[in-house]
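Take a look at the structure set out below.
The values are calculated or read from the model by the stated rules, or taken from the named source; none is laboratory data. Keep in mind that what you see is a predicted model, and the values were worked out from it rather than measured. As a convention, Cβ positions derive from the backbone with ideal geometry for all residues, glycine included, and neighbour counts pool all protein chains shown. Note: areas computed on protein heavy atoms with side chains; ligands, DNA, RNA excluded. Shrake-Rupley method; radii C 1.70, N 1.55, O 1.52, S 1.80 Å.
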Amino acid sequence: MRQIQTNKGNGKRYRYSAYGIRIDSEIELSELQLTDDADVDIAVKYEDLSRFIPREPFTGAKYCCPEKNKFLFLVDKVAAFYVSGGDEILVHPYDKVDLAIIKLYLLGTSMGILLMQRGMAPLHGSTVVMNQRGVIFTGASGAGKSTIVAELRKRGFSMLSDDVSAIQRDDQGIYFVQPGYPQQKLWGSSAEMIGLDVSQFHQVLIDEDKYAVPVQEGFWELPAPVGRIYEIVIGPCERVVIEPLSGLEKARVIMENIYRVEVMASLGLQQSHFTQCVGMATQAEVFRLTRPENRISLEQQADLIISHCQNE
């Protein structure tokens, strides 16, 4: 069993807000918004999880659900994460691991699972607010979700969430996107494409050309009803094309783009997942945006999206 570092906490606690959740954390998460709210929804803390660490070596990442509503996530050479009941994330780091790497998995997979446990649907997509409604851009990794949101921000539209959009149904049956946190992760080429100087930003990982870009202005801090969903795909076309989807195709796009959808069965959430996706498909307009594979079309995408939303 690899060496594990425990008792990393220094006794200090931090209060944050993200995805409509009030967080009490032993780990400093500078990406999130600080809050002085006395009420707390979830706790993030260091914990000795040695009992869950397998003695047999493994590489990469693995997960299991040791009990109902419990999720164990192991990342070799990084940490063990235990997500419990939608109200707690326990973190057990390996020795001498950079906190930045731990936070990637904490705010990524671990937070996504916690959102599921709390009854939310974490859609793998980035959201801006247009006409007072959430417009979500989803699609495979590398499709350009964060990049198009960065371009729309540049044009004056507010960002609601980057990479993961947490969808929650209210008492009236309306689906809302909860505000994430005021930061985007952009590849160096994408940042430069919209005129950002990457030298002023921190790299997400030291050996990766991806940067944490603070959204100091233009972050939408309130939930917004789900209005439109654009699935971005790359295809052999000469110009950007938007086509409407209907019926089962709308629900399929949403279901396939839920963040970490592969763990739904292990969590026993298949039925609620299906119900949420059908509900979102009923409320939202869903489109497929195909962009050319052989040229940069960011400005054309933004022009077409703005025109398309204005003519709704």
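For residues that are open to solvent by 80 Å² or more (accessible area, probe 1.4 Å), modelled with pLDDT of 90 or more and not aliphatic (A, V, I, L, M), tally how many sit in segment 215-238.
Total satisfying the criteria: 1.
Please specify each residue of segment 255-279 satisfying the condition of being over 16 Å from residue 111 (Cα atoms) and open to solvent by less than 30 Å² (accessible area, probe 1.4 Å).
Correct list: 257, 273, 277, 279.
Exactly one condition in (1) in contact (Cβ under 8 Å) with a residue 24 or more places away in the chain; (2) not in a loop (DSSP other than H, G, I, E, B) is false for residue 23; which is it?
Going through the list (1) in contact (Cβ under 8 Å) with a residue 24 or more places away in the chain; (2) not in a loop (DSSP other than H, G, I, E, B), residue 23 breaks only (1).
So, in segment 29-60, exactly how many residues are touching a helix residue (DSSP H, G or I) at 6+ places or on another chain (Cβ under 8 Å) and either open to solvent by 70 Å² or more (accessible area, probe 1.4 Å) or not in a loop (DSSP other than H, G, I, E, B) (or both)?
2
Just to be sure, is residue 197 open to solvent by 50 Å² or more (accessible area, probe 1.4 Å), closer than 30 Å to residue 275 by Cα and either free of Cβ contacts under 8 Å to residues at least 40 places away in the same chain or among the polar types (S, T, N, Q) (or both)?
Taking the combined requirement at face value, the residue does not satisfy it.
Name the residues in segment 170-194 that are in a strand (DSSP E or B), farther than 16 Å from residue 217 by Cα and open to solvent by less than 10 Å² (accessible area, probe 1.4 Å), would you?
Hits for segment 170-194 are 177, 186.
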